[in-house]
Amino acid sequence: MSRFLLAWELGGGLGHSTPLSQVAAPLIEQGHEVHFVLRDLSTVHTVFGAMASHERVHFWQAPLWQSQLRGVPESATYAELLFRAGFLDTQRLGGLVRAWRTLFDAVRPALLLADHAPTAMLAARGLPFRRALMGTGFFLPLQRQPIPPFREWEPIPPARVQAAEARALQTCNEILSLLGEPPLRALHELLAADERFLLTWPEVDHYAARASEPGAVYWGALPGPAAGAAAPWPPGEGHRLFAYLKADHAPTEAALRLLGAGPWRTLAYVPGLSAALREQLASPHLALSAEPVSMARVGEAADAVLCNAGSGTVCTALQAGKPVVMLPMHAEQLLFARRVQEAGAGAYLMEADVPGHLADRLRRVLQEATFHEAARRFAVRYGAPARPFGDVAQRVAARCVALAGAAP
């Protein structure tokens, strides 16, 4: 049996640990040993459940960059994302790299599976185990020099893109020199791996240009968590809406008050919402669940989904043929929401537009046939019974086992 190290370094929420748990499940069933090195260990019980206490499962705290980068514009390129993770400071980032290497030495994995863990990938260069990446399109940027910017809604000067890439590459190579490893020729080589598990569909890939590139391999989207409460919708007639929103997003409370006024029947799950506010906002039109809701039930019963454009929630809704209204919280979600809207299966609103336009956008998505037809096309293409990608987690795990068996 093999030993696997599954790493998550950057990003928030459950959108990285949940996919790692899904891939780990078949590995554990087959008798392998799995070490999770995670950014946030406080969600272990929520995400992993009984798996967390398995004798062949171990948890470690990921080495993290603690400083905030101030006085700079919003990140527009992968290199600028790396700046916020320490890739401007060779000496201090070097400490994190050495910490990752200490972890690798302690675990001695046959394979590293990294989900948005660039420092782990830098630390792994030259070490005697296989490397694999997994994630949605945003976290596996195009293998080009320079890596194209992702803020496609605004002009980004080429000189800015090139300068950022050169600076991040310099930091990587200074650290690799200290470790006695060969330099990278281009920044995209930081993410060179034995396998890249691109966990999305071509139509909603953040980097739309990738679908037309030769050699692009899509493994399919992982489904949302199957477990969850079978919470009821408010009784009555009319459309049923499921809302999954983050409490710390500024428009969330205003959106919930609008939903509470009807006319739709809404079942909502809002992690981080206090019990007092849940009680205050609940109405004959709005039921607020204190626990995660079964997405299988949502797929069967909802007419549409309102969410923050998380890939897992949106793809699960589309596999069930349900259109979506999205309130993206940051650039990655906005880029994804643009792809979904371009495919005709949903619509998105920016934060400032929520108070004045959310009701109209919900009305359109719930009532206009074109949104439902586009969502049903996703269901026919990627949902049951077609499922052209099969059981994505099982296939990813099987490939990881094959790679581990071929470890040097």
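FYI, it's all coordinate maths here, none of it is from the lab. Keep in mind it's a predicted model, so treat the numbers as computed, not measured. So basically every Cβ, Gly included, is an ideal-geometry build from the backbone, and we count neighbours across all protein chains shown.
Before moving on, here are some points about what is shown:
- Relative contact order of region 240-382, defined on C-alpha pairs under 8 angstrom at six or more residues apart (%): 22
- Near residue 270, once Lys and Arg are set to +1 and Asp and Glu to -1 for all other residues with Cβ below 15 Å from its Cβ, the sum equals -1.
- Our summary gives the chain a relative contact order of 15 percent, counting only alpha carbon pairs under 8 angstrom and 6 or more residues apart.
- Around the Cα centre of region 20-85, unit charges on the Cβ atoms of Lys, Arg, Asp and Glu (plus for the first two, minus for the last two) sum to a dipole of about 200 debye.
- Measuring between their Cα centroids, region 329-366 and region 97-139 lie 35 Å from each other.
- The chain: calculated mean residue ellipticity at 222 nm from DSSP helix runs of at least 4, using -39500 (n - 2.57): -11500 deg cm²/dmol
- Each peptide among 364-372, 286-294 gets the average number of other Cβ atoms lying within 10 Å of its residues, and from highest to lowest they stand as 286-294, 364-372.
- Neighbours of residue 10, meaning other residues whose beta-carbon lies under 14 angstrom from its beta-carbon, give a summed charge of -3 when Lys and Arg score +1 and Asp and Glu score -1.
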